[in-house]
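K.L.:
Mind looking over this structure? Questions follow.
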Amino acid sequence: MGRTAAAEMSGRSAQAGSCRPLRLAFLWAYWTGYIDATVQYLRSEHHVMVFRARQQGHVGILNDQYRFADDSFGPVEAELSYGAEIDVDALDRALRKFEPDGIIVLSWRRDAYRQLMKRWAGRAVRIVCLDSQWRGHLGALLSRRELPLLLKQWGGLALRRYFFHSLFDGALLAGPKYVDGQRGPTAQRTRQMNFALKMGFRPNDICEGFAVCDWHMLTPERHPASARERKRFLFLGRYATAKGIAILVKAYRSYRRQSPEPWPLIVAGDGPLKHLFSGVPGIRDIGFVQTKQLPEVLAEAACLVLPSILEPWGVVIQEAVAAGLGVICTDECGAGDVFVQQNINGFIVPTGNVDALAGAMRIFSESEDFLESVPNASIEMSKRLPASSFAETVIPFIQTKRHFIS
């Protein structure tokens with residue numbers, strides 16, 4: 001792979017007298033495979049030095065749902081891990097020692113991280129990661145599910161100067177700024193882009209791509225296997241209420257009753273609703289999947305089913321399409337707007353609608369011509385957010401901002 005514009009800018013900066021590679025600090029909670037892939041890309045392709053702060057894997061409310069093995073992650077230049085509570089002073093000292101040019105914060109709702117951002121004003125470029133969708137539209141007033149989110153976001157709008165403007169210099173979106181990757185006056189903004197704009201960030205202060213799949217690991221090197229050879233559905237994620245697990249089980253039971261030749265359903269993950277899969281005909285629970293196992297698991301299925309009732313983004317959708325799977329997801333899933341094209345590589349169904357989900361599964365599994373065309377269509381869709389997106393927007397943004405704060 002040739003050097004991108006971001007890499008060239010980084011090189012010019014070093015020649016101009018910066019005397020060191022760009023240094024980025026990531027303040028995260030639960031480190032995952034796709035986050036690590038982005039970091040390792042930055043290190044290998046752009047020679048970025050990385051500091052990460054993350055919660056220890058055995059603590060926290062999601063400790064039974066994010067069980068990634070530490071040996072599945074690549075190295076970084078410096079690290080600080082913490083338990084249930086963050087020692088703000090210890091983390092501050094670690095950051096001072098590392099001397100980052102930019103600090104990227106995912107878990108901005110943590111008070112400790114907000115305290116740190118106040119301390120680092122004018123000393124490093126502070127970027128907040130956003131995967132939220134804007135839900136402050138009037139239609140949410142009619143939705144029992146969305147009304148609490150509407151009230152919360154309008155409250156955030158009123159307090160945005162405290163939560164965002166005084167703490168962060170820019171925003172980093174989970175996905176791209178625009179649905180089809182194209183820019184211009186008629187381009188459709190993603191839900192995440194709309195949220196960032198509502199929170200007062202200017203378009204030039206918005207970067208993209210913190211939740212990008214490890215595309216090169218997942219995409220078949222040759223022509224992808226026909227979906228006819230892997231007639232199975234797959235759910236991959238946390239076994240939690242937000243993921244629509246109860247809806248999935250009901251829809252799958254309905255699908256099996258209606259379909260003359262029903263496909264099996266593989267479920268991969270862990271969480272408090274694991275018991276709902278037990279004893280259901282056709283469902284095989286393979287448990288939590290480590291990053292290195294992901295390509296093998298995806299290769300077993302023709303279609304990802306993601307029935308989430310709360311899914312601001314959903315990087316698993318890009319992981320699936322990059323591997324040549326079709327996708328059936330709810331209209332709650334932000335990534336569905338970008339990577340799923342109705343009747344081309346999958347279906348987007350109304351959130352919480354069991355009958356619609358079951359019907360989509362039946363249509364997907366019973367159309368031979370559709371199955372033949374899905375793999376290549378999905379792989380093309382996955383390219384709307386390449387691994388380089390993060391570097392190509394974040395690195396120039398930090399270099400530009402550093403010029404003004406240094």
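K.L.:
Between segment 370-405 and segment 279-319, what is the separation of their alpha carbon centroids in Å?
P.N.:
About 22 Å separates the Cα centre of segment 370-405 from the one of segment 279-319.
K.L.:
Shifting gears a bit: For segment 217-382, compute Rg over Rh where Rg is the Cα radius of gyration and Rh is the Kirkwood radius from the inverse mean 1/r over Cα pairs.
P.N.:
With Rg and the Kirkwood Rh in hand, the quotient comes to 0.92.
K.L.:
Something else: Excluding residue 276 itself, what net charge comes from residues whose Cβ is under 12 Å from its Cβ, given Lys and Arg +1 and Asp and Glu -1? Don't skip to the answer; put the middle values down first.
P.N.:
Details: positive: 243, 250, 253, 274; negative: 285.
That works out to +3.
K.L.:
Taking neighbour Cβ counts within 10 Å as the exposure measure, how do 243, 198, 97 sort from fewest upward?
P.N.:
By the 10 Å Cβ count, ascending: 97, 198, 243.
K.L.:
Students often forget the sequence filter, so: which aspartates and glutamates lie under 19 Å Cα-Cα from residue 243 once same-chain residues fewer than 8 apart are removed?
P.N.:
64, 131, 146, 270, 285, 311, 319, 331, 332, 337, 355
K.L.:
Also, I was wondering about something else. Stretched out fully, how many nm does the piece from residue 353 to residue 93 gain, at 0.36 nm a residue minus the Cα gap?
P.N.:
88.6 nm
K.L.:
If each residue's Cβ is checked for other Cβ atoms within 10 Å, how do 129, 329, 207 rank with the fewest at the top?
P.N.:
Fewest-to-most ranking of 129, 329, 207: 129, 207, 329.
K.L.:
Further, regarding this structure: Between residue 111 and residue 216, what is the label-to-label distance in nm when each label sits 7 Å out along the Cα-to-Cβ direction?
P.N.:
Distance between the two pseudo-spin positions: 4.3 nm.
We did not get these values from a lab; they are worked out from the coordinates using the rules stated. Because the structure is predicted, anything quoted here is derived from the model rather than measured. Counting neighbours? That spans all protein chains shown, and the Cβs are built from the backbone with ideal geometry, glycine included.
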